[in-house]
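Shown next, in structure tokens, is the structure this report addresses.
The values are calculated or read from the model by the stated rules, or taken from the named source; none is laboratory data. Quantities reported herein were computed from a predicted structural model and do not represent experimental measurements. Ideal geometry is used to build each Cβ from the backbone, glycine not excepted, and the neighbour counts take in all protein chains shown.
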Amino acid sequence: MNSYTLRCIWLFGLVMVLLNCRENPLATDERREYIASEPIESPEPVASVSAVEFTPAHLSDEVTLLNLGGGSVDWTIIQHPPWIAISEAQGRFIERSQTLRLDIRDNRVRSDTIGTITIETNVDTIEIWVGYFESREVTESIIERANQIIIDRVGRDFFYTYISLNHQKTHYRPPTLFCIKDPGDCSQFLRYPHFLMVYDFVMPDKSFVEEFIEFVVDTSGAYIEEGKLYGVPNCRDTTSECAFPIDEKQAKQIACNAGLERGIEAWRTSFHWYGGAWQTYVWSVSNTLGISNLGTMQFTSHGKTVIIDANSGVVLEMLSWVKMV
């Protein structure tokens, strides 16, 4: 190989090296431009709760600030009631959450008071309502009036045979959420506090009847009409409304006759109160018709439910349902 040929090969190699050196910066620039053009998700701060209730037995609580978006959240508490101490006044978090501890200052709080905690972030403002309320006992006179509300619908014998007050679940109902919805009526509400009355409804001769009754009364024991009278059948004048002759086996047969498909899993049944327009006890019989894969390990199942009157056996509704599994 002569010297001319060697020089040509050397020059060719040099040109290729220079070309490669020029291409790499271009590729890097293009890659940087592409990365820079990707949208950066903005932060979306929210609080884990909208209201916190305190009582003499509950003097501390926690609120978690969450970032549902990307980036970081800068926050500062710009207002809070003087009777609440907060673990931190400001901060920044890049992770998904930051938890704040709230404590009642006994020497500054007065009975039955409400206020707001205002948190300013680099996106918007978050408000959390807080309230401190003295505990109130459910007196015997309140219980007697509440009992009578049920007796008026089912009769005295039925009540004392199958229904009893659940003392653990019956309690005074602090009005924080009510005061948030209607602050103008908050003082009126506090003059006539509400109590959640909860009763067990059990019929030993019908093992499937193991339900509960729930409604709200005020300090006089008067039923609060705006609330729900949940689980109280109306059978004082029509005793058949409390007979519940349809059992689980009969409910399944009625659902089959109504056209409920077998599905891919065993049918599920439930005896329960059905509110809305019906206000009665029913059987629900549900099938599963399929399971869908949404990707990323998320699945939904779907099927149908037949609602059957537990006294007459009449099919009230057939509903379609979908849920995450």
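Evaluate the following for Lys228: is it at pLDDT 90 or above and either part of a loop (DSSP other than H, G, I, E, B) or among the basic types (Lys, Arg) (or both)?
On the way: at pLDDT 90 or above: no; either part of a loop (DSSP other than H, G, I, E, B) or among the basic types (Lys, Arg) (or both): yes.
Considered against the rule, which asks whether it is at pLDDT 90 or above and either part of a loop (DSSP other than H, G, I, E, B) or among the basic types (Lys, Arg) (or both), Lys228 comes out as no.
Being in contact with a strand residue (DSSP E or B) (Cβ under 8 Å, 6 or more places away or on another chain), at pLDDT 90 or above and over 30 Å from Ser240 (Cα atoms) is the requirement here; does Glu120 meet it? Give the derivation first.
Values: in contact with a strand residue (DSSP E or B) (Cβ under 8 Å, 6 or more places away or on another chain): yes; at pLDDT 90 or above: yes; over 30 Å from Ser240 (Cα atoms): yes.
Considered against the rule, which asks whether it is in contact with a strand residue (DSSP E or B) (Cβ under 8 Å, 6 or more places away or on another chain), at pLDDT 90 or above and over 30 Å from Ser240 (Cα atoms), Glu120 comes out as yes.
Restricting region 231-242 to residues that are under 18 Å from Ala310 (Cβ atoms) and surrounded by fewer than 15 Cβ atoms within 10 Å (Cβ to Cβ), which is modelled with the highest pLDDT?
Asn234
What is the residue count in region 67-88 for residues that are surrounded by 17 or more Cβ atoms within 10 Å (Cβ to Cβ) and either farther than 24 Å from Val109 by Cβ or at pLDDT below 90 (or both)?
Of the residues in that region, 3 qualify.
State whether the residues of region 302-316 include one that is outside any loop (DSSP other than H, G, I, E, B) and of a type in the set (Asp, Glu). Let's see the steps before the verdict.
Quick first cut of region 302-316, residues outside any loop (DSSP other than H, G, I, E, B) only: 302-309, 315-316.
Cutting the leftovers down to of a type in the set (Asp, Glu) gives us 309.
For region 302-316, residues outside any loop (DSSP other than H, G, I, E, B) and of a type in the set (Asp, Glu): present.
Checking Asn311 against (1) over 20 Å from Gly259 (Cβ atoms); (2) surrounded by fewer than 17 Cβ atoms within 10 Å (Cβ to Cβ); (3) of a type outside the set (A, V, I, L, M, F, W, C); (4) more than 25 Å from the chain's Cα centre (by Cα): exactly one of these is not met. Which one?
Condition not satisfied by Asn311: (2).
State the number of residues belonging to region 273-301 that are assigned to a strand (DSSP E or B), aromatic (Phe, Trp, Tyr) and surrounded by fewer than 18 Cβ atoms within 10 Å (Cβ to Cβ). Can you show your working first?
Of all residues in region 273-301, those assigned to a strand (DSSP E or B) come to 273-274, 280-286, 290-295, 298-301.
Those left that are additionally aromatic (Phe, Trp, Tyr): 273-274, 281, 283, 299.
Those still in the list that are surrounded by fewer than 18 Cβ atoms within 10 Å (Cβ to Cβ) too: 299.
Counting residues in region 273-301 that are assigned to a strand (DSSP E or B), aromatic (Phe, Trp, Tyr) and surrounded by fewer than 18 Cβ atoms within 10 Å (Cβ to Cβ) gives 1.
Looking for whichever is hydrophobic (A, V, I, L, M, F, W, C), over 21 Å from His58 (Cβ atoms), modelled with pLDDT under 95 and loosely packed, with under 13 Cβ neighbours inside 10 Å here; the options are Ile94, Ile142. Which one fits?
Numbers: Ile142 fails: loosely packed, with under 13 Cβ neighbours inside 10 Å.
On inspection, the qualifying residue turns out to be Ile94.
From the residues in region 243-262 that are small (Gly, Ala, Ser) and crowded, with 16+ Cβ neighbours inside 10 Å, which one is farthest from Trp321 (Cα to Cα)? So that I can check it myself, show each step before the final result.
In the first step, residues of region 243-262 are kept if they are small (Gly, Ala, Ser); the result is 243, 251, 255, 258-259.
Applying the additional criterion that residues be crowded, with 16+ Cβ neighbours inside 10 Å yields 251, 255.
Numbers: Ala251: 19, Ala255: 16 Å.
Ranking the candidates gives Ala251 first.
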